[in-house]
Amino acid sequence: MIQGGNKMLENRIRNKTLQNKIMSADEAALLIKDGMNVGTSGFTPSGYPKAVPLALAKRVETTGEKIKIGLFTGASVGDELDGSLSRSKIIRKRLPYQTNESLRKYINDGECEYLDMHLSHVPQYAQYGFLGKLDLAIIEAVGITEEGGIIPSTSIGCSPTFIKIAEKVIVEINTSQPLELEGMADIYIPNDPPHRKPIPITKVNDKIGTPYIPCDVNKIAAIVVTDIKDNVRPLAPIDDISKTISGHLIDFLEHEVKVGRLPKTLFPLQSGVGSVANAVLGGLLESSFENLLCYTEVIQDSMLDLLDSGKALFASGTSITPSEEGLIRFKENINFYKDKIILRPQEISNHPEIIRRLGIIAINTAIEADIYGNINSTNIMGTRMMNGIGGSGDFTRNAYISIFTTPSTAKNGDISSIVPMVAHHDHTEHDVMVLITEQGVADLRGLSPKERAKLIINNCAHPTYQPMLKDYFERAQKSKFKHTPHMLSEALSWHDQFIKNGTMKRLP
């Protein structure tokens with residue numbers, strides 16, 4: 001029970017019967033048992049539980065107790081969750097996306113099974129029972145309504161589905177998250193087939209659900225009060241390469257307007273996560289485009305900049321994930337943003353039906369692209385998992401225009417981002433319409449494989465690697481089958497040389 005009539009907690013935990021469920025993080029962590037599947041809130045890393053995972057890690061490290069769990073989230077989460085549990089070797093299986101350094105090492109060392117998934121698929125996989133029983137959901141919230149509805153914090157992700165199917169729920173009420181977030185969420189969960197109906201979103205700012213996540217109050221086993229802030233990531237300053245890529249993107253979009261394939265206000269924009277994506281989108285501030293709309297997953301600093309400037313009118317996503325400075329700005333001006341941002345479940349923010357209906361312009365980043373337009377966005381040198389596919393596939397396959405951006409080289413020029421064959425395929429040539437590097441733009445629409453290869457080599461490859469790519473392509477065309485010419489003995493030799501010699505450049 002709330003002691004001493006704490007008005008702040010009474011405003012946040014409005015169902016009086018649930019006030020008896022308040023306990024410490026250590027007590028709540030005892031609900032987590034070996035062999036469980038645990039689903040949590042959180043999306044890149046925002047709105048994820050912090051106190052209970054830290055308490056679980058401390059318990060295992062102190063007692064030596066053997067606990068292994070399956071950990072399911074919306075996307076990446078902060079170090080208090082992924083980092084602490086991987087360093088304590090608690091995670092048995094992880095899905096669907098991550099960015100944590102400790103967890104990444106844990107996965108690549110083979111100590112944790114990792115299932116990299118399209119983010120729109122996760123809620124329905126869980127709902128259909130494809131992932132097994134969900135024993136427990138741990139959800140960060142800013143409050144609980146009188147009826148027991150859970151008011152999410154800075155992300156929605158998979159929380160609605162996890163709450164629906166979990167046997168028990170732990171709620172972390174985070175007092176560092178402003179209560180003014182209430183009303184920003186729009187919670188809608190589609191019915192399962194064969195009873196599924198069209199999702200009634202025809203405009204970016206349509207609200208079709210509830211401002212809270214419905215929850216059976218009898219499921220709530222514990223409430224933990226915490227004030228640990230989101231461990232948001234810094235965003236790198238916008239460098240010259242990113243500015244050049246952004247300039248090429250704007251030129252491309254202006255041309256699409258000129259030839260009548262886009263209106264002057266464009267179609268709704270989606271942008272991937274991270275510093276490069278943030279920088280590329282940020283270039284639109286200096287463009288002539290106005291009255292923009294965004295229908296995306298993650299709302300980062302550049303999207304807040306577009307809203308602040310009036311260049312963008314509205315943004316729909318599933319997570320607010322700015323830099324530390326951006327988060328301060330968001331909280332200080334939350335009433336301004338509340339009228340301009342909707343947060344939806346990722347099953348809706350990433351749903352192919354909505355993406356195709358609204359005509360989304362999808363802008364995502366690649367680790368590497370090959371000369372035929374295939375994209376690797378997950379595995380360095382084909383085997384070392386970086387982060388995961390995230391929502392890029394959801395948007396790429398269903399977009400009005402699908403765009404991938406990448407610097408033409410990496411590792412100070414020792415890696416070419418344009419290669420004969422990608423070492424891992426995430427997005428095939430069938431879904432990639434436009435490739436942009438700081439060297440230029442390759443518009444691949446309507447082109448055959450050989451036509452794509454010539455354009456990508458000429459427009460996107462770095463001058464250091466252009467002669468090598470042209471040589472490979474010319475020799476490959478002498479092979480027996482000429483539709484997509486390859487020399488399999490050499491196709492991955494660039495990656496092999498980098499692994500052996502630390503560079504893809506031709507050695508003397």
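The values are calculated or read from the model by the stated rules, or taken from the named source; none is laboratory data. This structure is a prediction, so every number in the text was calculated from the model and none was measured. Don't worry about glycine lacking a Cβ; one is built from the backbone with ideal geometry, like all the others, and counts go over all protein chains shown. Ligands, DNA and RNA are stripped out before the accessible areas are found, and what is left, the full protein with its side chains, is counted by its heavy atoms. Shrake-Rupley method; radii C 1.70, N 1.55, O 1.52, S 1.80 Å.
Laid out as a table, the results:
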| read-out | value |
| --- | --- |
| In the range 111-148, residue surrounded by the fewest Cβ atoms within 10 Å (Cβ to Cβ) [restricted to those that are in a loop (DSSP other than H, G, I, E, B) and among the acidic types (Asp, Glu)] | Glu146 |
| Test result for Ala277, surrounded by 19 or more Cβ atoms within 10 Å (Cβ to Cβ), aliphatic (A, V, I, L, M) and at pLDDT 95 or above | no |
| Candidate set: the range 310-344, residues that are out of contact with any strand residue (DSSP E or B) (no Cβ under 8 Å at 6 or more places or on another chain), open to solvent by 60 Å² or more (accessible area, probe 1.4 Å) and not basic (Lys, Arg); chosen: the one nearest to Pro268 (Cα to Cα) | Asp339 |
| The range 231-244 residues that are closer than 15 Å to Pro322 by Cβ and touching a residue at least 24 places away in the same chain (Cβ under 8 Å), paired with ones that are acidic (Asp, Glu) and open to solvent by 80 Å² or more (accessible area, probe 1.4 Å) (beta carbon under 7 Å, 6 or more apart) | Val232/Glu324; Pro234/Glu324 |
| Members of the range 417-449 found to be in contact with a Ser or Thr (Cβ under 6 Å, 6 or more places away or on another chain) and over 27 Å from Arg356 (Cα atoms), listed by number | Ser417, Glu438, Gln439 |
| Selection within the range 25-45 - among the hydroxyl-bearing types (Ser, Thr, Tyr) and in contact with a helix residue (DSSP H, G or I) (Cβ under 8 Å, 6 or more places away or on another chain) | Thr40, Ser41 |
| Which numbered condition Thr202 misses (of (1) in a loop (DSSP other than H, G, I, E, B); (2) of a type in the set (S, T, N, Q); (3) free of Cβ contacts under 8 Å to residues at least 12 places away in the same chain) | (3) |
| Test: residue in the range 369-385 that is open to solvent by less than 50 Å² (accessible area, probe 1.4 Å), in a helix (DSSP H, G or I), closer than 30 Å to Glu451 by Cα and modelled with pLDDT of 95 or more | no |
| Filter result (open to solvent by 10 Å² or more (accessible area, probe 1.4 Å) and part of a loop (DSSP other than H, G, I, E, B)) within the range 163-177 | Glu167, Thr175, Ser176 |
| Long-range neighbours under 6 Å by Cβ, at least six apart or interchain, first residue open to solvent by 10 Å² or more (accessible area, probe 1.4 Å) within the range 70-97, second among the basic types (Lys, Arg) | Glu80/Lys50; Arg92/Lys68 |
| The range 443-475: number of residues that are without any contact (Cβ under 8 Å) to a residue 24 or more places away in the chain, among the aliphatic types (A, V, I, L, M) and either crowded, with 19+ Cβ neighbours inside 10 Å or under 24 Å from Gly413 (Cα atoms) (or both) | 1 |
| Filter result for the condition that a residue is part of a helix (DSSP H, G or I) and either open to solvent by 10 Å² or more (accessible area, probe 1.4 Å) or under 25 Å from Phe72 (Cα atoms) (or both), over Gly393, Gly388 | Gly393 |
| Residue in the range 202-210 that is under 21 Å from Ile299 (Cα atoms), touching a Ser or Thr at 6+ places or on another chain (Cβ under 9 Å) and open to solvent by 10 Å² or more (accessible area, probe 1.4 Å) present | yes |
| Subset tally (residues that are open to solvent by 50 Å² or more (accessible area, probe 1.4 Å) and touching a strand residue (DSSP E or B) at 6+ places or on another chain (Cβ under 9 Å)) for the range 230-241 | 1 |
| Test result for Asp34, modelled with pLDDT of 95 or more, acidic (Asp, Glu), touching a Ser or Thr at 6+ places or on another chain (Cβ under 8 Å) and closer than 28 Å to Val217 by Cα | no |
| Every residue from the range 98-110 that is within 16 Å of the chain's Cα centre (by Cα) and open to solvent by less than 20 Å² (accessible area, probe 1.4 Å) | Gln98, Asn100 |
| Residue in the range 250-266 that is in contact with a Gly (Cβ under 7 Å, 6 or more places away or on another chain), closer than 30 Å to His118 by Cα and open to solvent by 10 Å² or more (accessible area, probe 1.4 Å) present | yes |
| Conditions (1) more than 21 Å from the chain's Cα centre (by Cα); (2) open to solvent by 40 Å² or more (accessible area, probe 1.4 Å); (3) modelled with pLDDT of 95 or more; (4) β-branched (Val, Ile, Thr); number of the one not met by Thr244 | (3) |
| Residues of the range 408-436 that turn out to be under 30 Å from His121 (Cβ atoms), in contact with a helix residue (DSSP H, G or I) (Cβ under 8 Å, 6 or more places away or on another chain) and open to solvent by less than 40 Å² (accessible area, probe 1.4 Å), as a count | 10 |
| Matching helices (runs of 4 or more DSSP H) fully within the range 250-356 where at least 2 residues are free of Cβ contacts under 8 Å to residues at least 12 places away in the same chain | 324-332 |
| Matching residues in the range 32-91 - criterion: being under 30 Å from Thr296 (Cβ atoms), of a type in the set (Val, Ile, Thr) and out of contact with any strand residue (DSSP E or B) (no Cβ under 6 Å at 6 or more places or on another chain) | Val77 |
| Which numbered condition Ile299 fails, given (1) over 24 Å from Asn231 (Cβ atoms); (2) among the β-branched types (Val, Ile, Thr); (3) out of contact with any Ser or Thr (no Cβ under 6 Å at 6 or more places or on another chain) | (1) |
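Conditions tested, residue by residue: (1) closer than 17 Å to Glu368 by Cα; (2) under 28 Å from the mean Cα position of the chain (by Cα).
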site	(1), (2)
Val432	yes, yes
Lys450	no, no
Ala453	yes, no
Asn458	yes, no
Gln466	yes, no
Leu469	yes, no
Lys478	no, no
His483	no, no
Asp496	yes, no
